[in-house]
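S.K.: One structure is given below, represented as structure tokens, and several questions about it will come after.
The values are calculated or read from the model by the stated rules, or taken from the named source; none is laboratory data. Here the structure is a predicted model, which is why all the values come from computation and not from measurement. Cβ sites come from the backbone with ideal geometry, for glycine too, and all protein chains shown count toward neighbours. The accessibility values were calculated without ligands, DNA or RNA, using every heavy atom of the protein model including side chains. Shrake-Rupley method; radii C 1.70, N 1.55, O 1.52, S 1.80 Å.
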Amino acid sequence: MQVSRNPSLCKLTNRIKLNLLIFGNATVDSGWHGKVTSPPFSRLYYITKGAFSIIGNDGEKYTLSPCKWHLIPSGYSFSYECQEEMSHFYFHLKVCDLDGTDLMSGCKKPMNIETSDFDYTFFSSSISGSEFYKGIKLRNVLWEILLEFIRKGNIIIEAEDYSPCIRNALLFIKSNLSMQLTVSQIAESCFISKSTLTKHFKKELSVSVNEYICNTVLADAEMLLSTTNVSVSEISSRLGFSDQFYFSRKFKEKFGISPREYRKNKLL
């Protein structure tokens, strides 16, 4: 008997996750405009009628038009405006490694791919459906679209091979995410010293433990503001900020605008 196995590929496959945060459709008009700053997730669009434009911080303008899939990668800051009535399907998603980083951030600018076989009936019916098989099919369709973007843009996706202590620390932080989380608590959960955790964290992630916690908490806050109707006060409390004013100050330092302004200008 001859057996061939690829445990490395299995390990990598199990680490990379496609998280679909929002799937919806919308019709907007010329009053639809705003700004997005350093989003922690990517946006995928399919325009069925009309068009809209985005302008990156570098001043480059992109027009999102019908019969194409459009990808705006995580981390890409831009302003947007619509000058006519437009209908579209939209997806907020993350292709995540263990540390929660959206691996599509390897795509530095918006991209598009043309398609002639958009299944309008499937996507329309999936908006209100909750059948398990539709969810599986939707995930498979999205993977195929994202893989096409990866191939077209020669995007390099590299999942970091973290040490066991960092892998355990990241999982603990993800499960207990809060601004109140301390280095001591994380180190104790991993059965290592604070100094060992601090040294490995800086070496493998290039940030301190506290910087990582703050960045991750603010990314979660941004997603809650974008994808839910939870109040700013509740988000502040849920994520462990001492008060709403401190939360607003830290959020504005990172994103350039207050939580309320961000929610008001959120992009579908």
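S.K.: Counting only protein heavy atoms and a 1.4 Å probe, tell me what percentage of the chain's accessible area is made up of carbon and sulfur.
M.R.: About 50 percent, which is the carbon plus sulfur part of the accessible surface.
S.K.: Please report Rg (one decimal) and Dmax (integer) in Å for the Cα set of the stretch 211-253.
M.R.: When restricted to the Cα atoms of the stretch 211-253, Rg and Dmax are 9.4, 27 Å.
S.K.: Oh, and also: Compare the Cα positions of Y212, G240, W143 along the charge dipole of the stretch 134-246 (+1 at Cβ of Lys, Arg; -1 at Cβ of Asp, Glu; about the Cα centre) and return the one farthest towards the positive end.
M.R.: W143
S.K.: If you build the Cα gyration tensor of the stretch 128-268 and take the root of 5 times each eigenvalue, what three semi-axes come out, in whole angstrom, biggest first?
M.R.: Numbers: eigenvalues 164, 126, 49 Å².
Semi-axis lengths for the stretch 128-268 are 29, 25, 16 Å.
S.K.: Sorted from largest down, give the three principal axis spans of the alpha carbons of the stretch 179-261, whole angstrom values.
M.R.: The Cα atoms of the stretch 179-261 stretch 40, 21, 21 Å along their principal axes.
S.K.: Determine the sum of side-chain charges near D58: Lys and Arg each +1, Asp and Glu each -1, restricted to other residues whose C-beta is under 13 angstrom from that of D58.
M.R.: Numbers: positive: K61, K108, K109; negative: E60.
Once all neighbours under 13 Å are counted, the net charge is +2.
S.K.: For the chain, what is the accessible area per residue in Å² when the probe is 1.4 Å?
M.R.: Values: 14340 Å² over 268 residues.
Here the residues of the chain average 53 Å² of exposed surface.
S.K.: Still on this model: Using Cα springs under 10 Å in a Gaussian network model of the chain, which residue among K250, K194, K109 shows the largest mean-square fluctuation?
M.R.: K194
S.K.: Now for a separate question. Using the Kirkwood formula over every pair of different C-alpha atoms, what hydrodynamic radius in Å results for the chain? Write out the running numbers ahead of the final one.
M.R.: On the way: mean 1/r = 0.0493 Å⁻¹.
Result for the chain, one decimal place: 20.3 Å.
S.K.: Which residue, S116, S258, S124, tops the fluctuation ranking in a GNM of the chain built on C-alpha contacts under 10 Å?
M.R.: Sorting by GNM fluctuation, first place goes to S116.
S.K.: Can you show me the helix-derived [θ] at 222 nm for the chain, built from DSSP H runs with n ≥ 4 at -39,500 (n - 2.57) apiece and divided by the number of residues, rounded to the nearest 500.
M.R.: On the way: 10 runs with 115 residues, N = 268.
It lands at -13000 deg cm²/dmol.
S.K.: Quick check of the Kirkwood formula: for the stretch 141-217, what is the inverse mean of 1/r over all pairs of different Cα atoms, in Å?
M.R.: Evaluated on the stretch 141-217, it is 14.0 Å.
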